[in-house]
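Novice: Take a look at the following structure, please.
The values are calculated or read from the model by the stated rules, or taken from the named source; none is laboratory data. These numbers come from a predicted model, not from an experiment. Because the Cβ atoms are built from the backbone with ideal geometry, glycine has one as well, and the counts that use them run over all protein chains shown.
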Amino acid sequence: MNKMWKFLPILFLMTACAAPEAPVTEASAPEVAIETVDWAIAIHGGAGVIPKSMEEDRKQAYFDDLSKALTAGRDLLADGAEALDVVEQVITILEDSPLFNAGKGSVFTHDGKNELDAAIMDGRDLNCGAISGVSTVKNPISLARRVMTDSRHVFFVREGAERFADEMGVARVEPDYFFTQRRWDSLQKALENEKQAEAEKHGTVGCVVLDRAGNLAAGTSTGGMTNKRFGRVGDVPVIGAGTYAKNQTAAISCTGFGEQFIRHTVAHDVSALMEYKGMSVKEAAQEVIHSKLDTGDGGLIAVGHNGEIALVFNSAGMFRGAADANGRFDVAIWE
Ligand code: ASP
């Protein structure tokens, strides 16, 4: 059919409904829904006590790696990539960086091992996958995704997760692949003091995405906390605590003192405040981080269904970045 014919009834309706004696002014204009952006992405590289006295080249290295991950995500999204693909690829870049406490560069347990956790969630249907306590999986986020897509289950741990990695052909490495001198020294310091090595425990990574199709996805990956005891699992792979995504509300990824994020089911709470109280993603994130948690516990990144981005923390700093279809692109560490 000729295109013009298709639009004729609409044109007719518009003309018939127009009331020339009552012109639409700014004040009388019908309320326009909040503008939604085409796509949006936020990333984090951990929250905590991040000393501002950090050497310049180290600071630059953080900015470089955050920018690299954010650029990759931005380009993929602009090309129309799916939210889940973006989350996996961006987190893989951050896992491969030795700067962050995820994948290469993960912190050490009390026993001097690296035990990694990760989770991913699809906002379309609440499908999700999580793994915990793996010591030989190069990119835990990819294994979490396979749990989601290739098993009937949601959560695999330790040797079982590693066997599943073999079945799926997900890359395994020798445990010493994860070794970095900085994290080892941090454990020694923690063992001496028998308390958390505050300055070096941060660095968990996360990514939340709204893609051009309007779908949300979230992912988080971590080595956990320096000096953690055998078998300890934090918030990251616990769906609703450290990671959550639902198309109707938001995609959320958390970082900080994991036990607190589990107690307060932080990620799901943000989604619930939006769903039940009609809050915006920023309002919900502020409410949970500043009213429910204790100062210093950490922070979260979130992207709402309309592309609004929230980057909220109650600790001294949070490695983070955000970009969207309107040209936003920024990375930051402190307030
Ligand atoms: N939330 C992580 C955990 O408790 C650690 C972090 O984000 O720094 O395992």
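Novice: Looking at segment 37-55, I want the residues that are within 17 Å of residue 203 (Cα to Cα) and surrounded by fewer than 24 Cβ atoms within 10 Å (Cβ to Cβ) and have a partner that is charged (D, E, K, R) and modelled with pLDDT under 95 with Cβ atoms under 8 Å, at least 6 apart or on another chain. Which pairs are those?
Specialist: Listed by first residue and then by second, the contacts come to 49/198.
Novice: Within segment 202-219, identify whether any single residue is at pLDDT 95 or above and within 13 Å of residue 131 (Cβ to Cβ), and answer yes or no.
Specialist: Yes, segment 202-219 contains at least one residue that is at pLDDT 95 or above and within 13 Å of residue 131 (Cβ to Cβ).
Novice: For segment 43-68, which positions are touching a Ser or Thr at 6+ places or on another chain (Cβ under 8 Å), at pLDDT 95 or above and within 20 Å of residue 242 (Cα to Cα)?
Specialist: 44, 45, 46, 47
Novice: Restricting to segment 235-245, name every residue that is surrounded by fewer than 24 Cβ atoms within 10 Å (Cβ to Cβ) and touching a strand residue (DSSP E or B) at 6+ places or on another chain (Cβ under 7 Å).
Specialist: 239
Novice: Let me ask something else about it. I'd like the full set of residues that are more than 7 Å from the ligand (Cβ to nearest atom) and either without any contact (Cβ under 8 Å) to a residue 60 or more places away in the chain or of a type in the set (A, V, I, L, M) (or both), limited to segment 215-247.
Specialist: Within segment 215-247, 216, 217, 218, 233, 238, 239, 240, 241, 245 qualify.
Novice: In this structure, does residue 151 turn out to be away from the ligand (no atom under 14 Å from the Cβ), small (Gly, Ala, Ser) and either surrounded by fewer than 24 Cβ atoms within 10 Å (Cβ to Cβ) or within 23 Å of residue 266 (Cα to Cα) (or both)?
Specialist: yes
Novice: Still on this model: Would you mind finding the one in 84, 76, 99 that is in contact with a Phe, Trp or Tyr (Cβ under 8 Å, 6 or more places away or on another chain) and among the aliphatic types (A, V, I, L, M)?
Specialist: 99
Novice: Yes or no: residue 72 surrounded by fewer than 22 Cβ atoms within 10 Å (Cβ to Cβ), in a helix (DSSP H, G or I) and at pLDDT 95 or above?
Specialist: Taking the combined requirement at face value, the residue satisfies it.
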